[in-house]
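Before any comments, here is the structure.
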Amino acid sequence: MKNIVILISGRGSNMEAVVRALEAEQWPARIAAVISNKADAKGLEFAQSRGIPTAVVPSKEFASRAEFDAALQETIDRYAPDLVVLAGFMRILTAPFVEHYAGRMLNIHPSLLPLFPGLHTHQQALDAGVLEHGATVHIVTAELDHGPAIAQARVPVLPSDTPDDLAARVLVEEHKLYPYAVRLFVEDRVVVDGDSVRLLDRAPAAEATS
């Protein structure tokens with residue numbers, strides 16, 4: 001049984017998608033905690049309604065990113081996480097924090113990385129005139145939005161699209177993609193090899209138990 005800790009800053013719709021998928025598909029895992037840097041994050045209410053422990057580490061109360069990250073790390077580690085999942089966690093993390101969870105921290109980014117890292121990805125996609133846009137689940141590394149990708153989802157870019165239109169279409173796919181990628185970790189099917197990721201086929205394991 002693997003412990004998953006999810007970090008949020010707001011409504012936590014991707015967190016909710018992961019929780020619902022875990023419950024429906026009965027993964028060999030549990031959400032050990034949902035932690036936010038904001039006490040008014042709406043996602044905390046959903047987690048509490050599911051009986052999931054929650055915690056708040058208010059980022060505004062710390063003088064530096066390093067101090068905040070140290071307090072956040074201490075809180076996360078109380079739950080002995082096998083996997084840390086960033087789900088709309090709006091903080092740039094320090095290198096020591098990222099290294100502490102190397103190979104076991106995921107993020108979802110609303111673009112087809114390496115295209116359009118950073119903010120305003122949907123406007124970036126429209127400005128670039130691309131025909132496809134989407135989302136990427138990747139391993140978190142010290143370089144923002146540059147960790148090795150685990151999975152991607154794609155959507156068409158329509159001539160009439162606004163950034164909000166594109167964001168809504170991508171979010172639908174995010175809610176499918178993130179649970180899929182987290183489950184791969186739970187099932188030990190993700191192998192991080194330097195700057196790349198290999199996904200193991202579940203078929204051999206199934207044959208071994210037949």
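Any read-out appearing in this document is the output of simple, stated calculations on the displayed coordinates, not a laboratory observation. This structure is a prediction, so every number in the text was calculated from the model and none was measured. Please note: Cβ atoms are built from the backbone with ideal geometry, for glycine as well, and neighbour counts cover all protein chains shown.
Would you pull out the residues with amide H under 5 Å of Ala151's amide H, same chain only if 5 or more places away, H placed 1.01 Å from N?
Amide H neighbours of Ala151, under 5 Å, 5+ apart: Val137.
Under unit Cβ charges (Lys, Arg +1; Asp, Glu -1), what dipole magnitude, rounded to 20 debye, does the range 129-210 have relative to its Cα centre?
In total the dipole reaches around 260 debye.
Using Cβ counts within 10 Å as a stand-in for footprinting exposure, how do Glu173, Glu61 rank, fewest first?
Glu61, Glu173
So, by mean Cβ neighbours within 10 angstrom, what's the order for 33-39, 195-201 with the highest one leading?
Numbers: 33-39: 21.0, 195-201: 11.7.
Final packing ranking: 33-39, 195-201.
Quick one: plug the Kirkwood hydrodynamic radius of the range 109-177 (C-alpha pairs) into Stokes-Einstein at 10 °C, 1.306 mPa s, and report D in µm²/s.
Approximately 133 µm²/s, per Stokes-Einstein.
If you place +1 on the Cβ of every Lys and Arg and -1 on the Cβ of every Asp and Glu, how big does the dipole about the Cα centre of the range 102-175 come out, in debye to the nearest 20?
With Lys and Arg at +1 and Asp and Glu at -1, about 260 debye.
Could you tell me the largest-minus-smallest coordinate of the C-alpha atoms of the range 2-208 on each of the three principal axes, in descending order and whole angstroms?
Per principal axis, max minus min of the Cα coordinates gives 53, 48, 36 Å.
Could you give me the ³J(HN,Hα) list for the range 53-64, computed from phi with Karplus coefficients 6.51, -1.76, 1.60 and θ = phi - 60°, whole Hz, x at Gly and Pro?
x, 10, 8, 10, 10, x, 5, 5, 8, 10, 6, 9
What's the magnitude of the charge dipole for the chain around its Cα centre, counting Lys and Arg as +1 and Asp and Glu as -1 at the beta-carbon? Answer in Debye, nearest 20.
Here the chain has a charge dipole of around 440 debye.
If I stretch the segment between Asp195 and Glu67 completely, what's the gain in nm (0.36 nm per residue apart, minus their alpha carbon distance), one decimal?
43.2 nm
Please turn the phi angles of the range 178-184 into ³J(HN,Hα) values with the Karplus equation 6.51 cos²θ - 1.76 cosθ + 1.60 (θ = phi - 60°), one per residue in order, whole Hz, x for glycine and proline.
Calculated HN-Hα couplings, in order: 5, x, 4, 5, 5, 5, 4 Hz.
Lysine pairs, Cα distance under 21 Å, 8 or more residues apart or cross-chain: how many in the chain?
4
When Ile8, Ile108 are ordered from fewest to most other Cβ atoms inside 10 Å of their Cβ, what list results?
Starting with the residue having the fewest Cβ neighbours, the order is Ile108, Ile8.
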